[in-house]
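I have placed the structure first, in the form of structure tokens, so that the comments after it can refer back to it.
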Amino acid sequence: MMAAGGTVKRILFICTGNTCRSPMAEALLKQKATEKGLDLEVRSAGVAAIDGMAAADTALQVMEERGIDHRSHRSQPITGELVEWADLILAMTVGHRQQLIQAFPEAADKLYTLKEYVLDDSQRVQLERLQRLKAEWQTLRAMVEKARADGDSSREESLNRKLESLETTIRKEEGAVWTNQDVADPFGGSLEIYRRCAEEIEQQLDKLLDRLQRS
């Protein structure tokens, strides 16, 4: 899988305030790319960032434990210029990705969650099927509400049977498909919580680098 435009050289990580998750992802990927001799430019930003904030002390401490000095980091809000700059934009949560797609629909083909982008092909097919089923559920639910509002009890009953059947299918699919696309926010948490967050990000970055090197 590749973002539109071919080879990925410029990667932008997105979280909320650009002081915890995305700065750690930025710092870790820069380190890993340097170690592997890869030519990548990496930046980060936030959907609700205040311009010029330092990274969280705990995030900096976790980076220092990995031999990374990221004290020069300063937060920045996402802008059209940053979106245009990036070949690939990786959000920490589904919510971040949805916000970005709404704000920058022209960039939808290069917007993913970090975890979504590194899925293997079979996982992606399963996830896309689950997403289609959930979209179908939303449509069917709206039809049920309309039938109820119209006083069409026969149609409402028929649609409810279909809805129940679809819900059963979705539960089965959810049991077989990995669906957690979010990297949890460690903000305000302990050093150990930040360590676990960094480890989770690092696991995904290793998959990301494997994918980029194969492309």
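The values are calculated or read from the model by the stated rules, or taken from the named source; none is laboratory data. Keep in mind the model is a prediction, meaning the values are calculated, not measured. Here the Cβ is made from the backbone with ideal geometry for all residues, glycine too, and neighbour counts use every protein chain on show. Just the protein is used for accessible areas: all its heavy atoms, side chains included, with ligands, DNA and RNA removed. Shrake-Rupley method; radii C 1.70, N 1.55, O 1.52, S 1.80 Å.
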Computed over region 1-118, protein heavy atoms only, probe 1.4 angstrom, the accessible area per residue in square angstrom equals 43 Å²
Reported to the nearest 10 Å², Phe104 has, with a 1.4 Å probe, an accessible area equal to 30 Å²
Name the GluC sites (Glu not before Pro) in region 1-88 that are in a loop by DSSP and that have at most 12 other C-beta atoms within 10 Å, would you?
none
Return, ordered by residue number, the residues of region 85-103 whose backbone nitrogen is under 15 Å from a label point located 7 Å along Cα→Cβ of Arg211.
87-94, 97
For Thr113, enumerate residues with amide H under 5 Å from its amide H, sequence gap 5+ or separate chain, H modeled in the peptide plane.
Ala91
With a Förster radius of 25 Å, plug the Cβ-Cβ distance of Glu145 and Asp182 into 1/(1 + (r/R0)^6) and report the FRET value to the nearest 0.05.
0.30
In region 57-99, which trypsin sites (Lys or Arg not before Pro) fall in coil by DSSP and have 16 or fewer other Cβ atoms within 10 Å?
Arg66, Arg71, Arg74
Which entry in (1) 20.5; (2) 19.0; (3) 21.3 is this structure's computed Kirkwood radius over Cα pairs in Å?
(2)
Contour minus Cα-Cα distance for Asp152 and Leu38 (0.36 nm per residue):
34.8 nm
